[in-house]
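Below is one structure, written out as structure tokens; comments come after it.
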């Protein structure tokens, strides 16, 4: 009988390798700490392997296909456009592999850092710290950082569990283009992938139970996004529930839909089904009960602004703490923790989240929406608002990218930005200007009086800010 290996004694243990973990692990190790990282899957978490890197890589192929199909608008004639779907997916796989390999080499060469390729869970605690066990290796440390992330949720739709449905993770393994991709969920992931596959030649139907796609956005923005996708041939079924999903052939699915307004029943026949209806935290297998740590009703781990859990010595970072479901919020979590370990006072409380939906053109958002602001007006808050159509932006006209709008919100009393919504060319980059000014607590006049570069989209901020007026309590 082989004796069990002695436990690894460390200063810190990290469970999972989402975007917070690699940077945190290497930084702690460079400080001279002994760090053990447990990862049962691929290093890099969702972003590198099944999220940002592959989807944005495939988005580029889809954008190129779209631009080539419009080449005649620019006086360029190319002939019929053909898409090698397998080649596009192999390009994705190659870039993912290169990213993962680079990350792995970086971590492996860091002195003081040990990577354990096993799933981990808490095994209790001893005097010297928390016990974390993998399949064959155990580690003990006084500090543990959980960065275990989330996974796709399966909706309670009759029949879904009995058919070979895809998720944002498994869809990247395809090498044959779906003839007709049906997507459950009309939020960010569903809309991004829906547009991508439509541009790559698939028929696409997006089914959303809510009254609008991108339902977290202002109604006018949701409507613009819907119009943009519909113009490209994506079929949107909103206010619709799926009553059943059945397998009707080797590559044939039938979805039975019921309209929430009329009650009418229709069917959609598809070759593939993609489920994009939310995420679940990866916490149920962590053995949290062994160290007295509990989750909320949805399985997320509550933390304070310093990202500390209710158990001293344990932190939760990234998606699993429900303080941001983005790669960039996860990465900033590690910065907050590192700063506080050396006497800093950084906090995630009050963090103004900036995010993007990477449709083409993209949506960029920071702070409050108009809807959020109107809700606060009932408490006595006053806001200034202004907007500018992308079709009146010189850069957008020159590039024939005129879809969208720029909307800004300013607190009427403090004269500080409180939010912005941009849909259009460069929106994912441009919105960060507002985010930076909000972080700097700068008055809106700083941007209004700035000297911008021409011709850019950003040059219209002084013009837009010159049009500020009181936000109406009524939706426009």
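Read-outs: derived from the displayed coordinates by stated rules, not from any lab. Bear in mind the structure is a predicted one, so any value in this text is a computation, not a measurement. Ideal geometry is used to build each Cβ from the backbone, glycine not excepted, and the neighbour counts take in all protein chains shown.
Using 0.36 nm times the number of residues separating residue 70 and residue 5, minus their current alpha carbon distance, what extension gain do you get? Kindly include the intermediate steps, with their values, before the conclusion.
On the way: separation 65, 0.36 × 65 = 23.40 nm, distance 6.25 nm.
Going from the current span to full extension adds 17.1 nm.
For the stretch 89-188, what does the convex hull of the Cα positions come to per residue, in cubic angstrom?
Numbers: hull volume 19.1 nm³, N = 100.
So the per-residue hull volume is 191 Å³.
If I take R0 = 25 Å and measure r between the Cβ atoms of residue 267 and residue 227 in this structure, what FRET efficiency does the formula 1/(1 + (r/R0)^6) give, to the nearest 0.05?
Values: r = 26 Å, r/R0 = 1.02.
The formula returns an efficiency of 0.45 here.
I need the Debye-formula profile for the stretch 29-119: one equal scatterer per C-alpha, no solvent, reported as log10 I(q)/I(0) at q = 0.10, 0.21 1/Å, two decimals.
Each listed q corresponds, in turn, to -0.43, -1.01.
Given the stretch 160-277, report the % of alpha carbon pairs whose separation exceeds 22 Å. It would help to have the intermediate numbers written out before the result.
Working: 1954 of 6903 pairs.
Here the long-distance tail beyond 22 Å is 28 percent of all Cα pairs in the stretch 160-277.
As a test of the formula, what do you get for the chain when each DSSP H run with n ≥ 4 contributes -39,500 (n - 2.57) and the sum is divided by the residue count, at 222 nm and rounded to the nearest 500 deg cm²/dmol?
Working: 12 runs with 132 residues, N = 476.
Only helices count here, giving -8500 deg cm²/dmol.
Separation of the stretch 17-77 and the stretch 301-340 by C-alpha centroid, Å?
So the two Cα centres are separated by 21 Å.
Work out, step by step, the length gained on full extension between residue 81 and residue 105: first 0.36 nm times the residue separation, then minus their alpha carbon distance; give nm to one decimal. Working shown, then result.
Details: separation 24, 0.36 × 24 = 8.64 nm, distance 3.94 nm.
Difference between extended and current length: 4.7 nm.
Is the stretch 417-458 best put as rounded, prolate or oblate by its Cα gyration tensor, with a ≥ b ≥ c the root eigenvalues, rounded for a/c under 1.5, and otherwise prolate when a/b is larger than b/c, oblate when not?
Because a/c hits 1.5 or more and a/b fails to exceed b/c, the stretch 417-458 counts as oblate.
Sort out for me the Cα centre separation of the stretch 245-264 from the stretch 398-455, rounded to whole Å.
One Cα centre to the other: 43 Å.
Take residue 117 and residue 399, extend 7 Å from each Cα along the Cα→Cβ direction, and tell me the distance between the two endpoints in nm.
With each label placed 7 Å out from Cα toward Cβ, I get 4.2 nm.
With labels modelled as points extended 7 Å from the Cα through the Cβ direction, what inter-label distance (nm, one decimal) is found for residue 382 paired with residue 248?
Between residue 382 and residue 248, the label points sit 6.0 nm apart.
Based on the Kirkwood radius over alpha-carbon pairs, what is the Stokes-Einstein translational diffusion coefficient of the stretch 354-470 at 25 °C with 0.890 mPa s viscosity, in µm²/s? All intermediate terms of the calculation are to be shown ahead of the outcome.
Working: Rh = 14.2 Å.
For these conditions, the coefficient is 173 µm²/s.
How many nm separate the modelled label positions at residue 391 and residue 290, each set 7 Å beyond the Cα in the direction of the Cβ?
Distance between the two pseudo-spin positions: 6.2 nm.
Take the Cβ-Cβ distance between residue 467 and residue 347 as r, set R0 to 35 Å, and report the resulting FRET efficiency rounded to the nearest 0.05.
On the way: r = 35 Å, r/R0 = 1.01.
For residue 467 and residue 347, the calculated efficiency is 0.50.
Which of the peptides 165-171, 420-426 is most tightly packed, and how do the rest follow, judged by the mean count of other Cβ atoms within 10 Å per residue?
Working: 165-171: 19.3, 420-426: 25.6.
Put in order of decreasing packing, that is 420-426, 165-171.
So if I restrict to the alpha-carbon atoms in the stretch 293-367, what is the Rg, and what is Dmax, the biggest pairwise distance, in Å?
Reported Rg and Dmax, both Å: 13.8, 45.
At a 10 angstrom cut-off on C-beta neighbours, averaged per residue, how do the peptides 70-76, 385-391, 155-161 rank from highest to lowest?
On the way: 70-76: 10.0, 385-391: 17.7, 155-161: 15.0.
The packing order, highest mean first, is 385-391, 155-161, 70-76.
Suppose we keep just the DSSP beta bridges with both residues in the chain; what percent of those would be antiparallel, to 5? Walk me through the numbers before you get to the answer.
On the way: 52 of 83 bridges.
So the antiparallel bridges in the chain amount to around 65 percent.
Counting DSSP beta bridges with both partners in the stretch 160-277, what percentage is antiparallel, nearest 5? Display every interim value, and only then the final one.
Values: 14 of 28 bridges.
If we restrict to bridges inside the stretch 160-277, about 50 percent are antiparallel.
In percent, how large is the relative contact order of the chain, given Cα pairs closer than 8 Å and 6 or more residues apart? Please report the intermediate quantities before stating the final value.
On the way: 977 pairs, mean separation 61.8, N = 476.
This gives 13 percent for the chain.
Sorted by average packing, counted as other Cβ atoms within 10 angstrom per residue and highest first, what order do 455-466, 242-253 take? It would help to have the intermediate numbers written out before the result.
Working: 455-466: 17.3, 242-253: 14.9.
For the peptides 455-466, 242-253, the packing ranking is 455-466, 242-253.
Counting only C-alpha contacts under 8 Å and six or more residues apart, can you give the relative contact order of the stretch 354-470 as a whole percent? Could you put the intermediate results ahead of the total?
Details: 229 pairs, mean separation 35.5, N = 117.
Computed value for the stretch 354-470: 30 percent relative contact order.
Of the listed values (1) 67, 55, 46; (2) 90, 57, 39; (3) 72, 62, 47, identify the label whose number matches Cα extents along the principal axes in Å calculated from this model.
So the calculated entry is the one marked (3).
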